[in-house]
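The structure under discussion appears below in the form of structure tokens.
The values are calculated or read from the model by the stated rules, or taken from the named source; none is laboratory data. Remember, it's a predicted structure, so these values are computed and weren't measured experimentally. Reconstructed Cβ throughout: ideal geometry from the backbone, glycine too, with neighbour counts over all protein chains shown.
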Amino acid sequence: MRILIYSYNYDPEPIGIAPLMTELAEGLFKRGHEMRVVTAMPNYPERRIYDGYQGKWYFSEERNRVTVDRSWVWIRPLPNLIDRLLLDGTFVLNSFPQAASGWRPDVILATVPPLPICIPATVLAWLRRTPVVLNVQDIQHEAAIHVGLLQNKALIRTFETLEKFAYRHATKISVIADGFTDNLLAKGVPAEKIELIPNWTNINWIKPKPKENNEFRKAHQLENKFVVLYSGNISLTQDLVTAIKAAARLNHIPEIQFVIVGETRAIARVGEYCQMFGAHNVKLLEFQPREKLPDMLAAADVGLVLQKHNVIAFNMPSKIPLLLAAGCAIVASVPPTGTAAKAVTKSGGGIVVTPEKPEALAVAILGLYKNPEKTAALSRQARQHAVEHYSLDRALTRYESLFTEVIA
């Protein structure tokens, strides 16, 4: 098959949707499919176009035998609402000529967010008489409304209209968790149009490794420590304050070391929290090169998943499959009825505690520190669940079957 992936994010961006789309594209290529990706100039999470891509309107390259066509986008490090609209608008307008000028795909996979990507993907599908699979990773406008970030009624109506357009014109819609299925069904999307394909990880690359002689531990003076790791996006929905307060409650145990890995500006903000709450057992690191990810995850005894109480129920952090694959026991401070809590509970590889409760988080971490047998059992179950449910090969097979179905 000739497959076009239309995604705002792609390699070399290190977190979020980019690694997923990269592994999907490269995995499908290895299975004999011809792949092309239409994407933006890389800029996430720093929100600054990477060196080597600046000053270009269009740029095409091959990355691991996958053709990648990039276009310039309006990006600002601290975006306001207008900046975000300009970002989506420039991607829609600038990416379409590249998408339309290449070979005719047999199928288009369009990944949201951003939601406006459905416009060029749908137009291209009309022009080329090609089916579209809409891959829903998040429904950002709904999440923004839920936490009070989006209140403009006209803009809300615009996003709701665009969402209906996207669902109506997609041939099929792939979602990553049950919560998304429920959300779409409640909006009138036919059940037969929805395909549940969980996000994945490369379980042959991300896997448990011995703590002894771990390169990440050696590089950051973590040998003989009980490492509690948070790595990923740090924004309004991730509750890092609770983690810092929990760390402060465990200051008296020198063997427990918190490690927080994130984008430079966000890490500086977390450093201020550490000073404010007296957490002296927190090591702050900027995002690590992707090739160091397996060692970083394997270095952790506990992996944290953090959400505020008002995070919308269907949100599914991409770090959960990664932590499970690494055999890392999870402590999830998340809403108890949300998708994240259900995923951790179903895996059997972690503990769910009440969000925004530092004492509850500290007690859970301390309990695992004091009970290495329980931590080891959670680790084994986490890995087993990842192998059975989150493998890249499983996802590739599911997408191949879905693409074959919509082409037929």
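Of the residues making up the stretch 355-375, those that are of a type in the set (A, V, I, L, M) and in contact with a helix residue (DSSP H, G or I) (Cβ under 8 Å, 6 or more places away or on another chain) number 4. Ala154 - would you say it is more than 17 Å from Phe96 (Cβ to Cβ) and either free of Cβ contacts under 8 Å to residues at least 24 places away in the same chain or touching an Asp or Glu at 6+ places or on another chain (Cβ under 8 Å) (or both)? Against the criterion (more than 17 Å from Phe96 (Cβ to Cβ) and either free of Cβ contacts under 8 Å to residues at least 24 places away in the same chain or touching an Asp or Glu at 6+ places or on another chain (Cβ under 8 Å) (or both)), Ala154 qualifies. Might you check whether a residue that is in a loop (DSSP other than H, G, I, E, B) and β-branched (Val, Ile, Thr) occurs anywhere in the stretch 55-68? No. Note on the stretch 57-88: among residues that are exposed (fewer than 13 other Cβ atoms within 10 Å of the Cβ) and of a type outside the set (S, T, N, Q), the one that is nearest to Phe287 (Cα to Cα) is Pro77. Can you find a residue that is among the aromatic types (Phe, Trp, Tyr), under 24 Å from Pro210 (Cα atoms) and not assigned by TED's automatic domain parsing to the domain that holds Leu28 anywhere in the stretch 363-370? Yes. Of all the listed residues (Ala332, Ala364), the sole one being assigned to a helix (DSSP H, G or I) and surrounded by 14 or more Cβ atoms within 10 Å (Cβ to Cβ) is Ala364. Sub-6 Å Cβ pairs linking a first residue in the stretch 351-375 that is over 17 Å from Val311 (Cβ atoms) to a second residue that is among the hydroxyl-bearing types (Ser, Thr, Tyr) and crowded, with 16+ Cβ neighbours inside 10 Å, at least 6 apart or interchain, are Pro358/Thr242; Leu368/Thr375, ordered by first then second residue. So which residues in the stretch 280-324 are in a helix (DSSP H, G or I) and either without any contact (Cβ under 8 Å) to a residue 12 or more places away in the chain or of a type in the set (A, V, I, L, M) (or both), if there are any at all? Residues satisfying the conditions are Glu291, Leu293, Met296, Leu297, Ala298, Ala299, Ile320, Leu322, Leu323, Leu324. The residue of the stretch 335-350 that is surrounded by the most Cβ atoms within 10 Å (Cβ to Cβ), among those that are in contact (Cβ under 8 Å) with a residue 60 or more places away in the chain and not hydroxyl-bearing (Ser, Thr, Tyr), is Ala343.
Would you check which residues across the stretch 335-361 are among the basic types (Lys, Arg) and part of a helix (DSSP H, G or I) and list them?
Applying the first criterion (among the basic types (Lys, Arg)) to the stretch 335-361 yields 342, 346, 357.
Correct list: Lys342, Lys346.
Inspection of the stretch 25-38 identifies at least one residue that is part of a loop (DSSP other than H, G, I, E, B) and in contact with a strand residue (DSSP E or B) (Cβ under 9 Å, 6 or more places away or on another chain).
Identify the residue in the stretch 183-199 that is in contact (Cβ under 8 Å) with a residue 12 or more places away in the chain and over 18 Å from Pro317 (Cβ atoms) and, among all such residues, is surrounded by the most Cβ atoms within 10 Å (Cβ to Cβ). Checked the stretch 183-199; the qualifying residue surrounded by the most Cβ atoms within 10 Å (Cβ to Cβ) is Leu184.
Among the residues of the stretch 273-308, those identified as over 11 Å from Ala326 (Cβ atoms) and of a type in the set (A, V, I, L, M, F, W, C) are Cys274, Met276, Phe277, Ala279, Val282, Leu284, Leu285, Phe287, Val302, Leu304, Val305, Leu306.
What about Val147, is it in the same structural domain as Glu400 (by TED's automatic domain parsing), surrounded by fewer than 19 Cβ atoms within 10 Å (Cβ to Cβ), under 22 Å from Gly16 (Cβ atoms) and touching a residue at least 40 places away in the same chain (Cβ under 8 Å)? Taking the combined requirement at face value, the residue satisfies it. Taken together, Pro77, Pro116, Pro105 contain a single residue that is over 30 Å from Lys308 (Cα atoms), assigned by TED's automatic domain parsing to the domain that holds Gly27 and either touching a Leu at 6+ places or on another chain (Cβ under 8 Å) or of a type outside the set (Ser, Thr, Tyr) (or both), which is Pro105. Within the stretch 367-407, being touching a strand residue (DSSP E or B) at 6+ places or on another chain (Cβ under 6 Å), of a type in the set (Phe, Trp, Tyr) and assigned to a helix (DSSP H, G or I) holds for Tyr369, Phe403. With respect to (1) of a type in the set (A, V, I, L, M); (2) at pLDDT below 95; (3) assigned to a strand (DSSP E or B), the lone exception for Ile82 is condition (3). Scanning the stretch 312-329 for residues that are under 20 Å from Asp138 (Cα atoms), surrounded by 22 or more Cβ atoms within 10 Å (Cβ to Cβ) and small (Gly, Ala, Ser) yields no hits at all.
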